[in-house]
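The values are calculated or read from the model by the stated rules, or taken from the named source; none is laboratory data. Note that the coordinates shown come from a computational prediction; the quantities given were computed from them, not determined experimentally. Every residue, glycine among them, receives a Cβ derived from its backbone with ideal geometry; neighbour counts consider all protein chains shown.
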Amino acid sequence: MQVRSLSKLTKLVTLCLIGSMLLACNSAPDLHQDIVTRQTYVPPVWLDAAPFGPEPEIIEVQDLFKLSAEQLEDFKQFSQRPEQLNEPPNEVIANYLKGHLVNFNYYSDTLRAKDSLIQQQGNCLSLAIITKALANLNKVDIQYQLVETDPIYQKEGNVIVSSQHVRTKLLLPRQANDANSYIIFRGGTIVDYFPQRGSHLLRSVSENEFFGMYYRNKGAEAILKKDYNKAYWLARKTLSLYPTDPHGLNLIALTYYHKGLFEKAEAIYQEGIAKNDDKLDLLSNYYYLLKKLGKNETAKTIHAQIIQYDNQNPFRWISLANNAFNEKNYPLAKSYYRKARDLAPYLHEAYAGIAQSDIQMGNMKSAEKALEKALEKAHRRTKKELYQKKLELLSDLLTRNYKE
């Protein structure tokens, strides 16, 4: 999930939200999983903890996947049912989840496995943590996958939250003759409660990055509660597992921003940009910080990098555009919406965004043309009706102005 504030600085961290079902996949590719080995984390010199007080008690990684005695016994009894005995171990887990998540509330909080099962709620990362806990019990190899979906937005006070989606794949057991073979395909069961049409796999997620996502999510939840000290220490935990995580760096920069330590926040953005290939969000946040600090020439340079940035995901640009629009920076918003349109001319959201930006800038004829395209590209009846109504209102306004 990504958190953006409506204040002068764009505030961005990464979590995940919503969705739900189990989908069997018997011939999906066995993607290479680049495991990042845990290492002793030596914080950079600018990562000063003094402004954030003593480190609070933070749950350890292994405790995320612990289940209660009752939960362990329940899964054991389920696994020993006659209809499960001949199932491969990955399917046993999938079948268990199907039966136990019928009334699951896909709430946005990130919970550890035990609590998520007890409360029968949690976001997509919570479901992945439950799946990992059961995979540990059944000795099933697991793969973590980052999936591109339409962004989900949620407004809390002056903060906009948007989603990033993670799912798991429970792999089939290796066969005896696999030991000396190069496996191109390894089947399994994908556990996902957000299988949207048009969503697709972006990449594998290493185990350490997956672990770090929990602390990053909890840090974002702390940001929403304005507990910046706790958010800082949770971000540090994220970076101890995955030192170059751009979203963890964004989160920690945000905590410095709230302490008024703008130069340190700037140094963190520079560090993150230097160390990451996936730097669009870092560049965007850095741009807003530079504008706040009055460093307009540097901001122009960063903005030029953003516009030229080679990110093929149109929803990333729509997300940046929405944030710029909420900041009332309508020319910037339009440039991002146009970037999304150029990448995906079939998306009605891009044309609608261009139209709303043009309306705010007084470009009514241009807005009318963009709304016509949004209406043409929309497929859902509700969206078509919305765009049609807006187009009629805009046409009436243009007609009145012409007569006057």
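General observations
- Leading residue by the ranking (surrounded by the fewest Cβ atoms within 10 Å (Cβ to Cβ)) among those in segment 249-278 that are touching a residue at least 60 places away in the same chain (Cβ under 8 Å) and within 20 Å of residue 165 (Cα to Cα): 250
- For segment 80-99, the count of residues that are at negative phi, of a type in the set (A, V, I, L, M), more than 26 Å from the chain's Cα centre (by Cα) and surrounded by fewer than 14 Cβ atoms within 10 Å (Cβ to Cβ) is nonzero.
- Index of the failed condition, residue 87 passing every other in (1) assigned to a helix (DSSP H, G or I); (2) over 27 Å from residue 221 (Cα atoms): (1)
- Residue in segment 317-325 that is in contact (Cβ under 8 Å) with a residue 40 or more places away in the chain and touching a Pro at 6+ places or on another chain (Cβ under 6 Å) present: yes
- Residues of segment 219-248 satisfying the condition of being without any contact (Cβ under 8 Å) to a residue 60 or more places away in the chain and outside any helix (DSSP H, G or I): 225, 226, 227, 244, 245
- Summed over segment 82-101, the residues that are more than 22 Å from residue 122 (Cβ to Cβ) and touching a helix residue (DSSP H, G or I) at 6+ places or on another chain (Cβ under 9 Å) give a count of 6.
- Put simply, of 326, 322 the only residue that is in contact with a strand residue (DSSP E or B) (Cβ under 9 Å, 6 or more places away or on another chain) and surrounded by fewer than 19 Cβ atoms within 10 Å (Cβ to Cβ) is 326.
- Residue count for segment 341-353 satisfying the condition of being surrounded by 19 or more Cβ atoms within 10 Å (Cβ to Cβ) and at pLDDT below 90: 1.
- Contact annotation: residue pairs with Cβ atoms under 6 Å, 6 or more positions apart or on different chains, pairing a residue in segment 87-114 that is among the small types (Gly, Ala, Ser) with a partner that is at pLDDT below 90, are 94/22; 94/189; 108/17; 108/123.
- Residue 266, sole failed condition from (1) in a helix (DSSP H, G or I); (2) in the same structural domain as residue 58 (by TED's automatic domain parsing); (3) closer than 28 Å to residue 61 by Cβ: (3)
- Considering 371, 386, 391, 332, the condition of being without any contact (Cβ under 8 Å) to a residue 60 or more places away in the chain, surrounded by 14 or more Cβ atoms within 10 Å (Cβ to Cβ) and either in contact with a Phe, Trp or Tyr (Cβ under 7 Å, 6 or more places away or on another chain) or not in a helix (DSSP H, G or I) (or both) is satisfied by 371 alone.
- Within segment 166-191, the residues that satisfy the criterion of being modelled with pLDDT under 80 and charged (D, E, K, R) are 174, 178, 186.
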